[in-house]
Each structure stands twice: as C-alpha cells, then as structure tokens.
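Novice: I have a structure here, written as structure tokens, and I will follow up with some questions on it.
Read-outs throughout are calculated quantities, based only on the coordinates presented, and are distinct from any laboratory measurement. As the structure is a computational prediction, the values presented were derived from the model and not from experiment. Note that each Cβ is placed from the backbone with ideal geometry, even for glycine, and that neighbours are counted across all protein chains shown.
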Amino acid sequence: MNIPANLKYTKDHEWVSIDGDIATVGITHFAQKELGDIVYVEVETLDQTLEKDEVFGTVEAVKTVSDLFLPLSGEIIEFNDDLESKPESVNLDPYGAGWMIKVKISNQDEIDSLLSNEAYKELIGA
C-alpha cells in the first residue's frame, strides 16, 4: 500500500501536503480502496473558512457517500476542477491528480496533530 513519507495524515484517512501556509488535501490510497470506484466529488465550501474537522465536502462511490473532514483550520482557496469530469483520478492517483482542495492554513499549530506516515500505517494495520 502506498503511504508516502513526505505527507501528513488524519485518522479520517485524508492526506495533507504542506507548502508554507498552503495545505493540499486528498484522501489516502487506503480510503479510496475501501470506498471503491469513485463517481463524484462534491466540495461546496470553496472560499469558506472552516475549522479543523469540519466537513468540507463529500465523495461518492458506487456503493456509498462519505464525508470529507478538513484536517487543518483555514480558508478553502482551490478545488481540483478536474475531478468534476474525472472523479476516477482519486482512485487512479490519490496523491497526485486526485488531490481535492487547497487550504490557506489559519493555525500552524494544528500541523502537530497530524499523523506521520508511520503512525498512519499503524492506524490502518499496514
């Protein structure tokens, strides 16, 4: 299972890539595998400021709909528009083309609460 060492993770199976005060967020390889074929990603919180752990959108798979939780407080500044026409990118490349949102981080201290790749591996039993 692919769990890149350069990313941070949440217990809700989101991954986070941090570049200064901007975080790119998606769901992990484990999460997309558990969900199955993803048919739709909905994010209606663009340009909104949300708190850590608030729902920022949903991902719809063939069998289920799952909430997406914001890993860090901040303003959602970008949505991956490619997912509107190609939601399967989340399955095919969850850490690349399948990214979901970019967030302008409002509380850098929250980064410390994210999981390392080793801690995430323990969480999912990998």
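Novice: Just add up the charged neighbours of Asp37: K/R +1, D/E -1, any other residue whose Cβ is under 15 Å from the Cβ of Asp37.
Specialist: So the surrounding residues net to -1.
Novice: Per residue of the range 28-35, what does 6.51 cos²θ - 1.76 cosθ + 1.60 with θ = phi - 60° give for ³J(HN,Hα)? Whole Hz please, x for Gly and Pro, Karplus curve as stated.
Specialist: The phi angles translate into 6, 4, 4, 5, 5, 5, 5, 6 Hz.
Novice: In straight Cα distance, which lysines are under 18 Å from Lys121, not counting same-chain residues fewer than 8 positions off?
Specialist: List returned: Lys8, Lys11, Lys33.
Novice: Can you work out the PRE-style zone for Ser113? Point 7 Å along Cα to Cβ, and I want the residues of the range 24-58 with backbone N under 14 Å.
Specialist: Residues 50-55 fall inside that zone.
Novice: Please tell me the relative contact order of the chain in percent, rounded to the nearest whole number, where contacts are Cα pairs under 8 Å and at least six residues apart.
Specialist: 31
Novice: Placing +1 at every Lys and Arg Cβ and -1 at every Asp and Glu Cβ, with all other atoms neutral, what dipole size does the chain have around its Cα centre, in debye to the nearest 20?
Specialist: Here the size comes out at about 440 debye.
Novice: Further, regarding this structure: How large is ³J(HN,Hα), in whole Hz, for each residue of the range 100-106 in order, when computed from phi with the Karplus curve 6.51 cos²θ - 1.76 cosθ + 1.60 and θ = phi - 60°, using x for Gly and Pro?
Specialist: Residue by residue, the range 100-106 yields 10, 9, 10, 10, 7, 5, 9 Hz.
Novice: So how far apart, in nm, are the two label points at Glu88 and Asn2 if each is 7 Å from Cα heading toward Cβ?
Specialist: Result for the modelled spin labels: 1.6 nm.
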